[in-house]
């Protein structure tokens, strides 16, 4: 009778485990590097959202010849100062539709010109260099929207 082989030999198993180890050693650093890229992408998305919301609210204010008060943006009342959103939850945060449930920490701010609201991604590994800040404008100037590192870079936001 013929002897049939069942299963794998010890050498075959060792070779497969060695190959998997080599693949894991080369793939792991690439995976870890993606976390920094993801943080950078999120910070850039927040930056773009805040800039776009400020521009859209300003356009609506100009169209209505309105410098203060509130402007309705898709059913949300956005408080305005000097034709731009205020630097608080009722202003730029409402205009950009930013919520803490999206993994953000939104700090302070205020309804006066010169007030600053900062937006951070939550998480222990997120550095302060990923912070976005919006400063409500004085009369006849645009708001200041900046990051800790302008422009945002992977090395600063990882």
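The values are calculated or read from the model by the stated rules, or taken from the named source; none is laboratory data. Everything numeric here is computed off the predicted structure, so don't read it as measured data. With ideal geometry, Cβ positions are generated from the backbone for all residues, glycine too; neighbour counts draw on all protein chains shown.
Values for this structure:
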quantity: In the stretch 97-120, the residues that are part of a strand (DSSP E or B) and over 15 Å from residue 80 (Cβ atoms); calculated: 104, 105, 106, 107, 108, 116, 118, 119, 120
quantity: Residue count, the stretch 84-93 (criterion: touching a helix residue (DSSP H, G or I) at 6+ places or on another chain (Cβ under 8 Å) and surrounded by fewer than 22 Cβ atoms within 10 Å (Cβ to Cβ)); calculated: 0
quantity: Answer from 105, 122, 118 - the residue that is loosely packed, with under 12 Cβ neighbours inside 10 Å and within 15 Å of the chain's Cα centre (by Cα); calculated: 122
quantity: The stretch 26-52 residues that are on the phi < 0 side of the Ramachandran plot and surrounded by 14 or more Cβ atoms within 10 Å (Cβ to Cβ), paired with ones that are in a helix (DSSP H, G or I) and modelled with pLDDT of 85 or more (beta carbon under 8 Å, 6 or more apart); calculated: 50/92
quantity: Single residue of 70, 86, 100, 79 found to be in contact with a strand residue (DSSP E or B) (Cβ under 8 Å, 6 or more places away or on another chain), over 14 Å from residue 134 (Cα atoms) and in contact (Cβ under 8 Å) with a residue 24 or more places away in the chain; calculated: 79
quantity: Single condition residue 8 does not satisfy, out of (1) modelled with pLDDT of 90 or more; (2) surrounded by fewer than 19 Cβ atoms within 10 Å (Cβ to Cβ); calculated: (1)
quantity: Test for residue 56: is it surrounded by 13 or more Cβ atoms within 10 Å (Cβ to Cβ), part of a loop (DSSP other than H, G, I, E, B) and either touching a strand residue (DSSP E or B) at 6+ places or on another chain (Cβ under 7 Å) or at pLDDT 95 or above (or both); calculated: no
